[in-house]
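The values are calculated or read from the model by the stated rules, or taken from the named source; none is laboratory data. Predicted, not measured: the structure shown is a model, and the values here were computed from it. Every residue, glycine as well, gets a Cβ built from its backbone with ideal geometry; the counts of neighbours run over all protein chains shown.
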Amino acid sequence: MYARQTRPRDEELIETISAVAAQLSQFLERCNAEQQLQRSQEELLGSEERLRLALDAGRMGSWEWNVASGGVSWSSTLEKIHGLEVGQFAGTWEAYQQDMHPDDRDDVLATIEHTLQHGQSQYIEYRIVWPDGSVHWLESRGRVFRDDAGRPLRMIGICSDITTRKQFEQTLRFLAESSKSLATLVDYRSTLQKIASLAVPHFADWCAVDILEADGGVQRLAVAHADPAKLPLAEQLYRRYPSPPDAAHGAVKVLRTGEPEWTAEVTDAMLQRVAEDDTHLAMLRQLGLTSYMCVPLRGKDEFLAMLAHELRNPLAPIRSGLDLLAMNSAGEDTTVSLMQEQLEHVVRLVDDLLDVSRIMRGRVELRKENVDLATLVERSVHAVRPLIDSHQQQLVVRGAEQPLCLEADPVRIAQVIENLLTNASKYMDAGGRIELDVQRQDDWAVLTVQDTGVGIDAELLPQVFDLFTQASRSLDRSQGGLGIGLTLVQRLVEMHGGTVAAHSEGLGCGSKFEVRLPLTEKTCSPPAAESGDSKQAACRVCVVDDNRAAAWLLKALLEKLGDHTVQTAGDGPALLATIHGFQPDVVFLDIGLPGMDGHQVAREIRRQREFDDVLLVALTGYGQAEDRKNSRDAGFDLHLVKPPSVDQIKMVFTHPKLAAQSEQTS
């Protein structure tokens, strides 16, 4: 403080000013603290909103159980998964058990009790019954938190609706059993009858197999019903009321047009419309149809590709949301980690399902090159290490430093190693040990994966590589899956001219898998050095997806990964209406858009010369060779299969097109 004239020292004035300054300092500190608190609250709200979007998109919900008080809290998404309105869950241990399927309740409670007493993490798959009586499948993962004395305090975790996946698994088991029937039975009718019988009661209540004859009529070759007493009724309906060649519905129409028919709910009014007389109507009512599906028989690959597409689509926003949360987590580290682990499990499951179908039918072409086994081991260990660490298990690698050159498809051999390591981790408790050993024996590379896990029963050992074979396990060791990983391992190794064998002294004694691959005398090229400059230039990016959550989350993730300006559009026409003004460098374009699909949008963009330099990236749940070719033909530069990983998204911005643009503008 300054005065215009000289003043003598005034102790009272100095004390007063000091007091005012102290109060002012406290005021400023309080204002600063309030501003920091407000920013923290805004960041927390943003994090909670991103988590909510990710949970909603993936049909996942989070939960927490206070073991001492019995209080249970559910996220709003979890209430929806249980068929409840938001706020309807009572929040008690008893309320949690209320909608469990009666046949599953004892197993679920036993698993939880075992985890509380002996374990750290749990995995359960079980059924619930909604208030409307419908049955749904849930998958729950949780972790126990204990006090210093080891007593359980609380459990937190996530729960997801896996009803679609269970239906998918059931379908695949039906396909596998059908394939066995086709391979072992030689009589045409008995083979089709066997397949029809496999479809009921789990896949359908009633199944018929018809073929189209030369005169346009339909011949029934097989029929099965969940209630054997109704088989004569089905046969009588077919003989007494045959469909005319020009029928507007039913098997005749489906066989004639090649287009399926689907009715979610068969009403009595529908039966009245198709019935020829009162007797016909009475028989149809007696058959008890509630829903109806009639499809022409298609190739299994096409069927699996369609189902995989439907499963992959909702995974895209989940992965984007989780990646975003992992980068900007605010107290949700454990939940995010659990969700990421579950997501990778589902992604691997879908990929393995497609692979095992194509490989077993000889539809996979190996892309062989001279590659060092040590490089593939290092890549595989890096990919699986997070899973093993999350289970508190130990992985020891020996001998991988020696040069062993293979003539092999590096992607497929890495897949073999990853599947063996994942399988070892899956069937082993926390604290277990996995040893990966690489040796040379004459002209062979020998890779051994040994674990201290549950082991393999002597009766199961000869079938361990069969499709859909799984070892029996205790409840706390259950990790889900279909039992196809080892089938993939065997087929891929044999396609490379190698062998794989399984060894175990029995249950509780661990297991060992030995892979032998032929070496080549050729020299392996060293792996290409990665560019040291990982910095990405700022780009103008457009995300086009009719799924609002998927577009929003990918936009947020892109903005987090770089200084990009990102715009979203809900369909093709919306993109084309704004592309001239926005002038994007990169367009992430969903293929399955309503109306104008992604291929049509890409062709329209490529017809305009001013957008020749725009990098077009296809986003789709279809990833087979034909799908990638279709994308290239439409003008796409890259083809990403949903859900794309962060690394895949980062690689997009290293494309030569963007590098060329950067050089032109610099």
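Some observations on this one:
- Assessment of the stretch 447-455 against the conditions (in contact with a helix residue (DSSP H, G or I) (Cβ under 9 Å, 6 or more places away or on another chain), aliphatic (A, V, I, L, M) and farther than 27 Å from Gly506 by Cα) yields no matching residue.
- Assessment of the stretch 563-577 against the conditions (under 25 Å from the mean Cα position of the chain (by Cα), within 22 Å of Leu322 (Cα to Cα) and hydroxyl-bearing (Ser, Thr, Tyr)) yields at least one matching residue.
- Tallying residues that are free of Cβ contacts under 8 Å to residues at least 40 places away in the same chain and among the β-branched types (Val, Ile, Thr) within the stretch 76-89 yields 2.
- Among the residues of the stretch 506-550, the ones that are modelled with pLDDT of 95 or more and acidic (Asp, Glu) come to 1 in all.
- Here the condition is being polar (S, T, N, Q), surrounded by fewer than 20 Cβ atoms within 10 Å (Cβ to Cβ) and at pLDDT below 90; of Thr665, Thr620, Thr578, it holds for Thr665 alone.
- Qualifying residue in the stretch 180-193 (condition: assigned to a loop (DSSP other than H, G, I, E, B), surrounded by 15 or more Cβ atoms within 10 Å (Cβ to Cβ) and at pLDDT below 70): yes
- Test: residue in the stretch 90-108 that is closer than 22 Å to Gly431 by Cα and without any contact (Cβ under 8 Å) to a residue 12 or more places away in the chain: no
- Taken together, Arg628, Arg603 contain a single residue that is modelled with pLDDT under 90, surrounded by fewer than 20 Cβ atoms within 10 Å (Cβ to Cβ) and not assigned by TED's automatic domain parsing to the domain that holds Ala383, which is Arg628.
- Just so you know, in the stretch 54-68 the residues that are of a type outside the set (A, V, I, L, M, F, W, C) and farther than 20 Å from Ile112 by Cα include one that is modelled with the highest pLDDT, and it is Arg59.
Results for (1) closer than 20 Å to Ile81 by Cα; (2) within 24 Å of the chain's Cα centre (by Cα); (3) buried (at least 18 other Cβ atoms within 10 Å of the Cβ), shown as yes or no for each residue.
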residue: His114; (1), (2), (3): no, no, no
residue: Tyr123; (1), (2), (3): yes, yes, yes
residue: Met155; (1), (2), (3): yes, no, yes
residue: Ile158; (1), (2), (3): yes, yes, yes
residue: Lys166; (1), (2), (3): yes, yes, no
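- Residues that are over 37 Å from the mean Cα position of the chain (by Cα), surrounded by 11 or more Cβ atoms within 10 Å (Cβ to Cβ) and in a loop (DSSP other than H, G, I, E, B) within the stretch 245-284 comprise Pro245, Ala247, Ala275, listed in sequence order.
- Some residue of the stretch 487-498 being at pLDDT below 85, in contact with a helix residue (DSSP H, G or I) (Cβ under 6 Å, 6 or more places away or on another chain), of a type in the set (Val, Ile, Thr) and within 30 Å of Leu461 (Cα to Cα): yes
- Criterion: in a helix (DSSP H, G or I), of a type in the set (A, V, I, L, M, F, W, C) and under 14 Å from Val544 (Cβ atoms) - qualifying residue of Leu558, Leu593, Leu619, Leu658: Leu558
- The residues of the stretch 113-165 that are outside any strand (DSSP E or B) and in contact (Cβ under 8 Å) with a residue 40 or more places away in the chain, listed by number, are His114, Thr115, Leu116, His118, Gly119, Gln120, Trp130, Pro131, Asp132, Ser134, Thr164, Arg165.
- Residue count for the stretch 393-431, restricted to those that are in a helix (DSSP H, G or I), β-branched (Val, Ile, Thr) and touching a strand residue (DSSP E or B) at 6+ places or on another chain (Cβ under 9 Å): 3
- Pairs linking a residue in the stretch 584-611 that is farther than 10 Å from Asp571 by Cα and touching a residue at least 60 places away in the same chain (Cβ under 8 Å) to a residue that is acidic (Asp, Glu) and crowded, with 18+ Cβ neighbours inside 10 Å, with Cβ atoms under 7 Å and 6 or more positions apart or on different chains, do not occur.
- Taken as a whole, the condition of being surrounded by 13 or more Cβ atoms within 10 Å (Cβ to Cβ), over 30 Å from Asp546 (Cβ atoms) and modelled with pLDDT of 90 or more applies to Gly71.
- Candidates Asp613, Asp590 - the one that is among the acidic types (Asp, Glu) and surrounded by 16 or more Cβ atoms within 10 Å (Cβ to Cβ): Asp590
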